[in-house]
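This report concerns only the one structure given below.
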2 protein chains.
Amino acid sequence: MNIYIPKGYRFAGVHCGLKSDSKLLDLSLIVSDIPAVAAGVFTPNLVCGAPVQVDRSRVPGQGFRAVVANSRCANACTGEQGICDAEEMAALAAQSVGGNTQQGLVMSTGVIGTLLPMDKIRNGIKTAAEKLTASETGFLNAAQGIMTTDTVEKYVTKSLTLKNGETITLAGICKGAAMIAPKLATMLAVIVTDAALEPSVAQKLLQNSAEDSFNCISVDGHTSTSDILLLLANGAAQSIPLHGDNFELFAKTLRELCIELAVKIPEDGEGASHLITIDIEGCKTRNDAKIIARKIAEDALVKTAICGADPNWGRIVSASGTAGVSYDPKKISLKLNGFELFKNGEPLPFDKKTVVTSIRNNRTTHILLTFVEGDSGIRFWTTDLTSEYVRLNSDYTT
Amino acid sequence: MNIYIPKGYRFAGVHCGLKSDSKLLDLSLIVSDIPAVAAGVFTPNLVCGAPVQVDRSRVPGQGFRAVVANSRCANACTGEQGICDAEEMAALAAQSVGGNTQQGLVMSTGVIGTLLPMDKIRNGIKTAAEKLTASETGFLNAAQGIMTTDTVEKYVTKSLTLKNGETITLAGICKGAAMIAPKLATMLAVIVTDAALEPSVAQKLLQNSAEDSFNCISVDGHTSTSDILLLLANGAAQSIPLHGDNFELFAKTLRELCIELAVKIPEDGEGASHLITIDIEGCKTRNDAKIIARKIAEDALVKTAICGADPNWGRIVSASGTAGVSYDPKKISLKLNGFELFKNGEPLPFDKKTVVTSIRNNRTTHILLTFVEGDSGIRFWTTDLTSEYVRLNSDYTT
């Protein structure tokens, strides 16, 4: 897969001592050589980390030079000291490339309720600043520095040519494998582009794209204290802001990038043996579809059934009935990996062995639940629930 | 523990071939020798089993003679045939003791989406009717006949003496170990008493008691298609309906019985290694407290942490922040097994080994989360989430 790096950005990922294994990167620095517009989407959790509080007060906005991110410590539930630490991180990151204290943004992921070891963080930012590079290696290192329980670094890049011949590029990294509804592993993502956007436009585009991507995934239904999705647009590839057809093309590309990036999270869900794609069709509103999809996605019984390659479709239908959305239960139909198991409220005979084999032999399981209430639907992604997930999450801090 | 059997009731539990092991009982019959008042509380799941639909149309009411219950097949998502089968079960049960077709009630638990093997059921009811007895053995057999993944039969009995010297007795059985928010193991419970109650009064008493008991437990957050809680009151011990102080005493006893019975479900939660008691204090309303308690109770990260004896209190605080209830996050305090870990939004230093040992060595873990928004609170019960839960639920139908 080709990696496209947008103009005017440099990247680094270093080991600064947060992770015990010195081969693992634990701090990432992303800088724009020219001031960039920034937009952000944040966790709705009322208990939110210090970085969320700091970034939320700054974006959307312009003039940003740096994003610094660390793993192993979420800097959440850390009181006033936590806020000071987050502000210092952001300031050091911006200053490392000649910016001022307000030109930085910050993201943290890891354990809740412990203070950042600021000595390590300060040294880390300094080392990272010395290693900044516009190369693929720098980009991949930045993607690795934010990994917690992720088994692979996650990134998507896209390049598109506008009608006027200009080429603009988008590059996104993210992390997350649990505490995902977008887990104490937390969802962090940064997308950088050399397109030119106004702050309010960037914010709206990012929110729309998040709605169909990062807001449609769930590993364990826990919305972290620390979820952050940032977009930086420095305009380095353009003379004038995007508009008209070019704008539409960019919006479509950003949405696709967000979906591809977001799906990488449940694909790498902690201990997961299946990615589950849930399509809901025929609802009155998209929101109804989303509520039902999320209820199924977060149901332990549905998730353990898929783990066991068990076509126990009754659990899926039952979960949908508890979503709080009104519909006619006599008109529901369900397909699992394309096999029709339930139609208009009545069970259909099916060859259990065939369906079991289909679930067992495919990494992705597809659930299609159809209602007759309207024309709205949604696609949602989740993981199965395995013994390995329990093992991983039974000893995270100790 | 003494077992008290209310006057005028007989019980049986038999093996009729639903479970493959012929030593395991799978059908229960409970009869009142005189017509009884019946009240019921049912699953709010929009997709509800045929027994739920049949019973809901009949209670609250009077003149009931029999309750029949089976395990292994929930008779849910079974269309019109399922309704016919449920009605036939209820009718056969009532007729087995000389009642008419409308004097029976029915409950089913097990896999969703398969039709009941009615030949086995018919024979089972016939055999059970021949074995009806007012003895402890009959009562315990009835408790065993509804077990699915339960490891023990669950029952609570209570006897109380009224001011006029009359002794009245309550005896309850229940089942459930997963698909509990009250799992496709489903929650079923029957309470019988020889007190005299009017139908509407019985219904109100049962609803109130359920609110503090069966509605405050969760194993995996899945509200089954088939939850049923029934109360039969035949008045065999009384000349006139309960009133005044006697009524209050009965109401209090019924509530206590419901709580004791309900807690047996998460105590026996599938694969559980800990019962978790969650106390929420200082909320604006009881409903706010309940929403927060349920969010914590159903959080995979909280549940796996307790499984691993990990005092990862940040997950508890984080879960509370996603409940959708408004509160000041800077004023939350948390105790775990009595150890104060978080106070007024700031982490407190604590000896991790001591807390780990406390969680590991106690079957019950106690979480106390305190807010400063008001005077309302709630107690809620759940289980930890273990690899054994995943194993049990990965191969339930296959």
Filter segment B:1-58 down to the residues that are more than 27 Å from B:K158 (Cβ to Cβ) and of a type in the set (G, A, S), then identify the one that is nearest to the other protein chains (Cβ to nearest Cβ). B:G49
Which of the residues belonging to segment A:20-47 are over 22 Å from A:S209 (Cα atoms) and assigned to a loop (DSSP other than H, G, I, E, B)? A:S20, A:D21, A:S22, A:K23, A:L24, A:L25, A:D26, A:L46, A:V47
Under 29 Å from the mean Cα position of the chain (by Cα), facing chain B (nearest Cβ under 9 Å), assigned to a helix (DSSP H, G or I) and surrounded by 16 or more Cβ atoms within 10 Å (Cβ to Cβ) - does that describe any residue in segment A:321-333? yes
Complete set of residues in segment A:131-169 that are touching a strand residue (DSSP E or B) at 6+ places or on another chain (Cβ under 8 Å), more than 27 Å from A:A251 (Cα to Cα) and surrounded by fewer than 21 Cβ atoms within 10 Å (Cβ to Cβ): A:K131, A:L132, A:T133
When B:G138 is run through (1) at pLDDT 95 or above; (2) in a loop (DSSP other than H, G, I, E, B), the failure sits at (2)
B:L341 vs. criteria assigned to a strand (DSSP E or B), modelled with pLDDT under 95 and either buried (at least 18 other Cβ atoms within 10 Å of the Cβ) or more than 12 Å from every other protein chain (Cβ to nearest Cβ) (or both): yes
Residues located in segment B:205-258, provided they are among the polar types (S, T, N, Q) and in contact with a Gly (Cβ under 7 Å, 6 or more places away or on another chain): B:T225, B:S226, B:N234
Considering only residues of segment B:297-320 that are in contact with a Ser or Thr (Cβ under 6 Å, 6 or more places away or on another chain) and under 19 Å from A:G49 (Cβ atoms), which is surrounded by the fewest Cβ atoms within 10 Å (Cβ to Cβ)? B:N312
Restrict the check to segment B:386-398 and report whether at least one residue is more than 24 Å from the chain's Cα centre (by Cα), more than 9 Å from chain A (Cβ to nearest Cβ) and not in a strand (DSSP E or B). no
B:S387 closer than 30 Å to A:P311 by Cβ and in contact with a Ser or Thr (Cβ under 9 Å, 6 or more places away or on another chain): yes
How many residues does segment A:224-269 contain that are under 12 Å from the mean Cα position of the chain (by Cα) and more than 23 Å from A:V31 (Cβ to Cβ)? 11
Could you grab me the full set of residues in segment A:295-320 that are part of a helix (DSSP H, G or I), of a type outside the set (A, V, I, L, M) and in contact with an Asp or Glu (Cβ under 8 Å, 6 or more places away or on another chain)? A:K303, A:T304, A:C307, A:R315
Only one of B:I292, B:I280, B:I276 is β-branched (V, I, T) and in a helix (DSSP H, G or I). Can you tell me which? B:I292
Taking segment B:233-244 only, how many residues are modelled with pLDDT of 85 or more and surrounded by fewer than 16 Cβ atoms within 10 Å (Cβ to Cβ)? 1
Out of B:G124, B:G99, B:G113, I need the residue that is modelled with pLDDT of 95 or more and either crowded, with 21+ Cβ neighbours inside 10 Å or hydroxyl-bearing (S, T, Y) (or both). Which one? B:G124
Just need a number here: residues in segment B:58-102 that are assigned to a loop (DSSP other than H, G, I, E, B) and within 21 Å of the chain's Cα centre (by Cα). 8
Being aromatic (F, W, Y), closer than 18 Å to B:V190 by Cα, modelled with pLDDT under 95 and crowded, with 18+ Cβ neighbours inside 10 Å, is that true of even one residue in segment B:56-72? yes
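Here is a yes/no grid of residues against (1) under 21 Å from A:R379 (Cα atoms); (2) in contact with a strand residue (DSSP E or B) (Cβ under 6 Å, 6 or more places away or on another chain):
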residue: A:V201; (1), (2): no, no
residue: A:C216; (1), (2): yes, yes
residue: A:L230; (1), (2): no, yes
residue: A:N234; (1), (2): no, yes
residue: A:S239; (1), (2): no, no
residue: A:L242; (1), (2): no, no
residue: A:F247; (1), (2): no, no
residue: A:T253; (1), (2): yes, yes
residue: A:L257; (1), (2): yes, yes
Which of the residues that make up segment A:354-372 are closer than 26 Å to A:A210 by Cβ and either buried (at least 18 other Cβ atoms within 10 Å of the Cβ) or of a type outside the set (D, E, K, R) (or both)? A:T364, A:T365, A:H366, A:I367, A:L368, A:L369, A:F371
What residue, of B:F350, B:F380, is assigned by TED's automatic domain parsing to the domain that holds B:G308, in a loop (DSSP other than H, G, I, E, B) and modelled with pLDDT under 95? B:F350
Report, by residue number, each residue of segment B:276-319 that is more than 7 Å from chain A (Cβ to nearest Cβ) and among the hydroxyl-bearing types (S, T, Y). B:T277, B:T285
Based on this model, can you work out whether B:S376 counts as in contact with a Lys or Arg (Cβ under 8 Å, 6 or more places away or on another chain), within 23 Å of A:V302 (Cβ to Cβ) and among the small types (G, A, S)? no
Among the numbered conditions (1) within 22 Å of A:D150 (Cβ to Cβ); (2) at pLDDT 85 or above, tell me where A:F247 comes up short. (1)
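The values are calculated or read from the model by the stated rules, or taken from the named source; none is laboratory data. Since the structure is predicted, the reported quantities are computational estimates derived from the model, not experimental observations. All Cβ positions, even for glycine, are placed from backbone atoms using ideal geometry, and neighbour counts span all protein chains on display.
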